[in-house]
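A short worksheet on the structure shown next.
The values are calculated or read from the model by the stated rules, or taken from the named source; none is laboratory data. Computed from a predicted model, the values in this text were never measured in an experiment. We place every Cβ from the backbone using ideal geometry, glycine too, and count neighbours over all the protein chains shown.
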Amino acid sequence: MNQMPALTRDRIVAAAIDLIEREGADAISMRRIAADLGVGVMSLYNHLPNKAALLDAVAQRVLSQITFTDDPEAEWTERVRIQARAFRQIAHHYPHSTMVVVSRQLQSPAGLMPVERALDTLREAGFEGEDAVQILRTFIAYIIGALLREVGVTPTYAPGSHGELGVPRVDPALFPAVDSVAPLLGAWDHEEAFEYGLDLLITAVAARLKQVGEKSARG
């Protein structure tokens, strides 16, 4: 007779991630996880005190699997790209669990390490204090927004203007701008779109860096 593996914190967190990826974070409860693992619900509390702690553990597990191949000798613009791509890659593996990550206040080493790397990169580029924090938040917002688009949470604004799958064409008199680029709105390459937006952000940040340098030079 096969013996059931011992109940551990790792098994509980893994079961929670699996459930979130199948059904979303709203499906999580200690009772549901216990049922999936075939154990009594009270046994979970020997490893995690409550649902909030479980969701924190899920977020920490996801973040701990981000692989950074950062090159300290590279230009800061390339380092930012590397870090953004690394977060996007793990989000592709765990799209629904990544939404848990961004909803938690993480104080663990796993939660703070990506923030530390990003702030260190921005500091070496020449940003300090509020500028560094605001730029970090802007990049996080962009990456999460791109992920939401990729997993189908946000609208694509693709009107199907040429009758694909029976979708009526938009009225060009009411929506001339939309009609003029309808084929482009309907075509979507996630990789290309992500890199395009990332380039735009980095260009804007580089311009901001120039402004900071000029302001500092003026004293």
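Considering only residues that are in contact (Cβ under 8 Å) with a residue 24 or more places away in the chain and either over 17 Å from ALA141 (Cα atoms) or hydroxyl-bearing (Ser, Thr, Tyr) (or both), which ones fall in segment 188-214?
Listed by number, the residues that qualify are TRP188, ALA206, ARG208, LEU209, VAL212, GLY213.
Being part of a loop (DSSP other than H, G, I, E, B), over 24 Å from TYR142 (Cα atoms), in contact (Cβ under 8 Å) with a residue 12 or more places away in the chain and not small (Gly, Ala, Ser) narrows it down to one of LEU54, LEU48, so name that one.
The unique qualifying residue is LEU48.
Only one of (1) modelled with pLDDT under 75; (2) within 28 Å of PHE68 (Cβ to Cβ) is not met by LYS210, so which one is it?
(1)
Given the criterion within 26 Å of PHE194 (Cα to Cα), free of Cβ contacts under 8 Å to residues at least 40 places away in the same chain and not hydrophobic (A, V, I, L, M, F, W, C), identify the matching residue among THR77, THR67.
Among THR77, THR67, only THR67 is within 26 Å of PHE194 (Cα to Cα), free of Cβ contacts under 8 Å to residues at least 40 places away in the same chain and not hydrophobic (A, V, I, L, M, F, W, C).
Out of (1) more than 13 Å from the chain's Cα centre (by Cα); (2) surrounded by 21 or more Cβ atoms within 10 Å (Cβ to Cβ), what's the single condition that is false for VAL62?
(1)
So, ALA16, is that one in contact with a helix residue (DSSP H, G or I) (Cβ under 6 Å, 6 or more places away or on another chain) and within 30 Å of LEU209 (Cα to Cα) or not?
no
Which one is farthest from ALA206 (Cα to Cα) among residues in segment 61-81 that are assigned to a helix (DSSP H, G or I) and among the β-branched types (Val, Ile, Thr)?
Checking each candidate, the answer is VAL62.
Residue by residue, here is whether (1) modelled with pLDDT under 90; (2) farther than 23 Å from THR77 by Cβ holds:
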| residue | (1), (2) |
| --- | --- |
| ILE143 | yes, no |
| GLY152 | yes, yes |
| HIS162 | yes, yes |
| GLU195 | no, no |
| LEU198 | no, no |
| THR203 | no, no |
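Report, by residue number, each residue of segment 98-140 that is small (Gly, Ala, Ser), within 17 Å of the chain's Cα centre (by Cα) and modelled with pLDDT of 90 or more.
ALA118 - this is the single residue of segment 98-140 that is small (Gly, Ala, Ser), within 17 Å of the chain's Cα centre (by Cα) and modelled with pLDDT of 90 or more.
Report yes if THR121 is assigned to a helix (DSSP H, G or I) and buried (at least 16 other Cβ atoms within 10 Å of the Cβ), otherwise no.
So THR121 fits the description; yes.
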